[in-house]
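Written out below as structure tokens is the structure these notes cover.
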Amino acid sequence: MKFNDLDARMRVFETSHDHCALPGLYLVARLDGRGFTRLTKEVHPFEAPFDERMRDYMAETTRHLLDCGFRMVYGFTQSDEISLLLHPTEDSFGRKLRKYTSVLAGEASAKFSLLLGNIGVFDCRISQLPRRQDVVDYFRWRQEDAARNSLNAHCYWLLRKQGRTVAEATAQVKGQRTATKHDLLFAHGINYNELPSWQKRGLGVYWEEYLKVGFNPHTQELVKTTRRRLALNLELPLGEAYAEFIQNLLSAAD
Ligand SMILES: Nc1nc2c(ncn2[C@@H]2O[C@H](COP(=O)(O)OP(=O)(O)OP(=O)(O)O)[C@@H](O)[C@H]2O)c(=O)[nH]1
Ligand SMILES: [Mg+2]
């Protein structure tokens, strides 16, 4: 068989299920660390439940993803996951989803591994959201998930550090009311409300504009130019204020 015929025959198997996102849909990619329970407990014993090194590696990986060749509006990270809002007009690779998921998972895995000095792998999935409100709800959902996980993790690790087994600590935390969990922590000197915001609400990365003042040697004048840089927010707003914060990012991207 001639190469051109073989190429055409085989290419079909590779591409016939390619899916392209419709224009106008908002795309949010979520990356999640693969087997990070083992990675953070056995391979690299990090502080539990929260380690600042892990926070910084995730923040740096998120920054990298916002600046790796796609138009991105917002990145949010908590625990071992990262959510990315692509710019609504992003149209690279003809909006082929397999390209976005594979390239983003590759970029995240490579960056995180370099920071960690060991292999750390991420998977990636994409939500295709039809309305702005869905984007706002998506990010509120992940922030709410961060809050729940963080409360559970603090309770779980308190019990583990007191000598409970994995099964005992898991069983004790499961099904408890939120107020009971707060009380459990409080009784052992941890005021949940005073824990660092990034542990409870996650952290955000987005582009911000700033004014740069330079000197033009030809005209001998000061010149002001607008540049953009990535901002890291460790004190994200909560609830309705967070919804407004996401709305503002969407409006700025219009
Ligand atoms: N010790 C420690 N663990 C962390 C930290 N941040 C995230 N993790 C752990 O990362 C894991 C993330 O949970 P999952 O994504 O559900 O678990 P996973 O093992 O990655 O499983 P898959 O995602 O299904 O591959 C949990 O076990 C968290 O405790 C941290 O700062 N310190
Ligand atoms: Mg994971």
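How many residues does the stretch 28-68 hold that are part of a loop (DSSP other than H, G, I, E, B) and within 16 Å of ligand 2 (Cβ to nearest atom)? Can you show your working first?
Taking the stretch 28-68 and keeping what is part of a loop (DSSP other than H, G, I, E, B), we get 34-35, 44-51, 67-68.
Still in the running and within 16 Å of ligand 2 (Cβ to nearest atom): 34-35, 44, 46, 48-51.
Residues in the stretch 28-68 being part of a loop (DSSP other than H, G, I, E, B) and within 16 Å of ligand 2 (Cβ to nearest atom): 8 in total.
Of everything in the stretch 161-171, what is more than 18 Å from residue 40 (Cβ to Cβ) and surrounded by fewer than 16 Cβ atoms within 10 Å (Cβ to Cβ)? Give them in sequence order. Full working, then the answer.
Step one: of the stretch 161-171, the residues more than 18 Å from residue 40 (Cβ to Cβ) are 162-165, 167-168, 171.
Across the stretch 161-171, the qualifying residues are 162, 163, 165, 167, 168, 171.
Picking from 181, 212, 224, which residue would you name as being in contact with a Cys (Cβ under 6 Å, 6 or more places away or on another chain), away from ligand 2 (no atom under 16 Å from the Cβ) and not acidic (Asp, Glu)? Reasoning before the result, please.
Details: 212 fails: in contact with a Cys (Cβ under 6 Å, 6 or more places away or on another chain); 224 fails: in contact with a Cys (Cβ under 6 Å, 6 or more places away or on another chain).
Result: 181 is the single residue among 181, 212, 224 that is in contact with a Cys (Cβ under 6 Å, 6 or more places away or on another chain), away from ligand 2 (no atom under 16 Å from the Cβ) and not acidic (Asp, Glu).
Conditions tested, residue by residue: (1) open to solvent by less than 70 Å² (accessible area, probe 1.4 Å); (2) touching a Ser or Thr at 6+ places or on another chain (Cβ under 8 Å).
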site	(1), (2)
154	yes, no
159	yes, no
183	no, no
186	no, no
192	yes, no
200	yes, yes
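Tell me, please, whether a residue that is open to solvent by 40 Å² or more (accessible area, probe 1.4 Å) and either within 15 Å of ligand 2 (Cβ to nearest atom) or free of Cβ contacts under 8 Å to residues at least 24 places away in the same chain (or both) can be found in the stretch 75-85. So that I can check it myself, show each step before the final result.
As a first pass, look at the stretch 75-85 and keep what is open to solvent by 40 Å² or more (accessible area, probe 1.4 Å): 79.
When the remaining residues are screened for being either within 15 Å of ligand 2 (Cβ to nearest atom) or free of Cβ contacts under 8 Å to residues at least 24 places away in the same chain (or both), the result is 79.
Yes, the stretch 75-85 contains a residue that is open to solvent by 40 Å² or more (accessible area, probe 1.4 Å) and either within 15 Å of ligand 2 (Cβ to nearest atom) or free of Cβ contacts under 8 Å to residues at least 24 places away in the same chain (or both).
Quick check on this structure: which one of 99, 41 is open to solvent by 10 Å² or more (accessible area, probe 1.4 Å), of a type in the set (Lys, Arg) and near ligand 1 (Cβ under 8 Å from one of its atoms)? It would help to see each step written out before you state the result.
Details: 99 fails: near ligand 1 (Cβ under 8 Å from one of its atoms).
So the residue among 99, 41 that is open to solvent by 10 Å² or more (accessible area, probe 1.4 Å), of a type in the set (Lys, Arg) and near ligand 1 (Cβ under 8 Å from one of its atoms) is 41.
Would you pick out the residues in the stretch 209-242 that are surrounded by 15 or more Cβ atoms within 10 Å (Cβ to Cβ) and touching an Asp or Glu at 6+ places or on another chain (Cβ under 8 Å)? Lay out the reasoning, then the answer.
Of the stretch 209-242, the ones surrounded by 15 or more Cβ atoms within 10 Å (Cβ to Cβ) are 230, 232-233, 236-238, 242.
The answer is 230, 237.
Does the stretch 46-68 contain at least one residue that is over 19 Å from the mean Cα position of the chain (by Cα), within 14 Å of ligand 1 (Cβ to nearest atom) and not hydrophobic (A, V, I, L, M, F, W, C)? Write out each step before concluding.
Keep residues of the stretch 46-68 that are over 19 Å from the mean Cα position of the chain (by Cα), which gives 46-48.
Next, from what is left, pick out any that are within 14 Å of ligand 1 (Cβ to nearest atom): 46-48.
From what is left, the residues that are not hydrophobic (A, V, I, L, M, F, W, C) are 47.
So far as the stretch 46-68 goes, yes, one or more of its residues are over 19 Å from the mean Cα position of the chain (by Cα), within 14 Å of ligand 1 (Cβ to nearest atom) and not hydrophobic (A, V, I, L, M, F, W, C).
What helices (runs of 4 or more DSSP H) completely inside the stretch 153-208 contain at least 3 residues that are touching a residue at least 40 places away in the same chain (Cβ under 8 Å)? Spell out the reasoning first.
On the way: elements: 166-173, 178-187, 197-201.
Those helices (runs of 4 or more DSSP H) span 197-201.
For the stretch 69-90, enumerate the residues that are more than 16 Å from ligand 1 (Cβ to nearest atom) and either more than 21 Å from residue 199 (Cβ to Cβ) or of a type in the set (A, V, I, L, M) (or both).
Keep residues of the stretch 69-90 that are more than 16 Å from ligand 1 (Cβ to nearest atom), which gives 69-75, 84-90.
Scanning the stretch 69-90 gives 69, 70, 71, 72, 73, 84, 85, 86, 87, 88, 89, 90.
The values are calculated or read from the model by the stated rules, or taken from the named source; none is laboratory data. These figures come from a predicted structure and were not determined experimentally. Don't worry about glycine lacking a Cβ; one is built from the backbone with ideal geometry, like all the others, and counts go over all protein chains shown. These accessible areas exclude ligands, DNA and RNA; they are computed on the full protein's heavy atoms, side chains included. Shrake-Rupley method; radii C 1.70, N 1.55, O 1.52, S 1.80 Å.
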